[in-house]
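Read through the structure below, which is laid out as structure tokens, and then see the notes.
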Amino acid sequence: MLEIQKLTKYYRNIPVVNDVSFSVRPGEVTGYLGPNGSGKSTTVKIITGLIEPSAGKVLLDGADIRDDLAAFKRRLGYVPEEAILYSYLTGLEYLQLIGCLRGMPPRETDRKANDLLELFSLHPHRHAPISTYSKGMKQRVLISAALLHDPDVLILDEPLSGIDVTSALLFKHLLNELARRGKMILYISHVLEVVEKVCAQVIIIYRGKIMAADSVDRLRDLMDAPSLEGIFAQLVEHRDLEGVARDIAAAVGR
């Protein structure tokens, strides 16, 4: 189990993540939601070992990840929010590089890389430079790279960014299958309809603090809201959005 215990991160004495605790269990997809600036990205950077917390711990199977960060990263697959890739490499070369960095045997890397490129409909483009890929194609390369070494923990930060409808449907099925195989999956997204369909539990963070943590069904009952969108609006958005939309339309129509 991946456990986040009392994480806090200060920047200039301001807490951007404030005493955050939750767990990601094997076989479950956990959604992590919040508006821009809520502390999601900072949490993810701490969990992936990119930055250190001011306080608190991240534990994997009871062990602090910072006791052996390299060992933790061997068990981690990460899709970052932005598709930053070596654009001069081809799709196949990029996956081969990732396999090498992961310490995978070259033959195994080539087999898995070609299989993933085929399954993500990228095989015809495997020898083309990534600079020629669309945003959605780059995103599929990132997802392939995260899965290449069969990680136990997956951190997926806006993984559907730029992906077409067919690929998004495939990805939803893929998440369910990975969970069925016992993976621990933390899913960060603004696409609430997808979160509602694939996540066993959701964590909603606002201004660095957790506002809710439960299954979507229980949150619907507790908040008396018909959808995750309604729950999210009640917890983190206190403006009259319909009124604001009318004011914007009126302003541009003057």
Test of understanding: among S21, S38, which residue is surrounded by 16 or more Cβ atoms within 10 Å (Cβ to Cβ) and over 14 Å from the mean Cα position of the chain (by Cα)? S38
Checked pairs for segment 159-181, first outside the structural domain of R140 (by TED's automatic domain parsing), second of a type in the set (G, A, S) and part of a loop (DSSP other than H, G, I, E, B), C-beta under 6 Å and 6 or more apart or across chains, list as A179/G27
I want to confirm something. Restricting to segment 137-169 and keeping residues that are farther than 18 Å from N114 by Cα and in a helix (DSSP H, G or I), which single residue is nearest to the chain's Cα centre (by Cα)? A168
Can you tell me which residue in segment 59-73 is nearest to L7 (Cα to Cα), limited to those that are among the acidic types (D, E) and outside any helix (DSSP H, G or I)? D64
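Being assigned to a loop (DSSP other than H, G, I, E, B), among the small types (G, A, S) and at negative phi: is that true of A83 here? Explain how you work it out, then say what you get.
Working: assigned to a loop (DSSP other than H, G, I, E, B): yes; among the small types (G, A, S): yes; at negative phi: yes.
Yes.
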In segment 173-224, anything assigned to a strand (DSSP E or B) and hydroxyl-bearing (S, T, Y) is listed as Y187, Y206
Here are some conditions: (1) surrounded by 14 or more Cβ atoms within 10 Å (Cβ to Cβ); (2) free of Cβ contacts under 8 Å to residues at least 60 places away in the same chain. L60 meets all but one. Which one does it not meet? (2)
Enumeration of residues in segment 63-89 that are surrounded by 16 or more Cβ atoms within 10 Å (Cβ to Cβ) and farther than 15 Å from L142 by Cβ: I65, F72, K73, R75
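The values are calculated or read from the model by the stated rules, or taken from the named source; none is laboratory data. Quantities reported herein were computed from a predicted structural model and do not represent experimental measurements. Cβ atoms come from the backbone with ideal geometry, glycine included; neighbour counts cover every protein chain shown.
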